[in-house]
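First comes the structure, then the notes that go with it.
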Amino acid sequence: MKIDGGRSFSEAMRIRGLSTAQVAADFKVYRQQVDRWKRNKDMRLSRVMIFSRYFSYHVLDFLKLGASDD
């Protein structure tokens, strides 16, 4: 099983109904940074923990959003 951190991030955004602009404002970054997070397949654990907390997911549940059987 492979886990794509960017896919987890994108799916969490979609499920929570959050826009790129809204996430950027919450993290005080530019929209382009949010787009980079969405494309990033490999994420540090510290970043995964921050994002899972932000989207109100347990870390493992957040990661499962980006899981594939490749």
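List of remarks:
- Residue ID - surrounded by the fewest Cβ atoms within 10 Å (Cβ to Cβ), chosen from residues in region 11-46 that are out of contact with any Asp or Glu (no Cβ under 9 Å at 6 or more places or on another chain) and among the hydroxyl-bearing types (Ser, Thr, Tyr): Ser46
- Residue selected from region 41-62 under the condition closer than 11 Å to Ile3 by Cα and touching a Phe, Trp or Tyr at 6+ places or on another chain (Cβ under 9 Å), by the criterion modelled with the highest pLDDT: Phe62
- Residues of region 1-43 that turn out to be within 12 Å of the chain's Cα centre (by Cα), hydroxyl-bearing (Ser, Thr, Tyr) and over 10 Å from Leu65 (Cβ atoms), as a count: 1
- Among residues of region 47-56, those that are more than 19 Å from Ala67 (Cβ to Cβ), surrounded by 14 or more Cβ atoms within 10 Å (Cβ to Cβ) and aliphatic (A, V, I, L, M), counted: 0
The values are calculated or read from the model by the stated rules, or taken from the named source; none is laboratory data. Quick caveat: nothing in here was measured; it's all calculated off a predicted structure. Cβ: placed from backbone, ideal geometry, glycine included. Neighbour counts: every protein chain shown.
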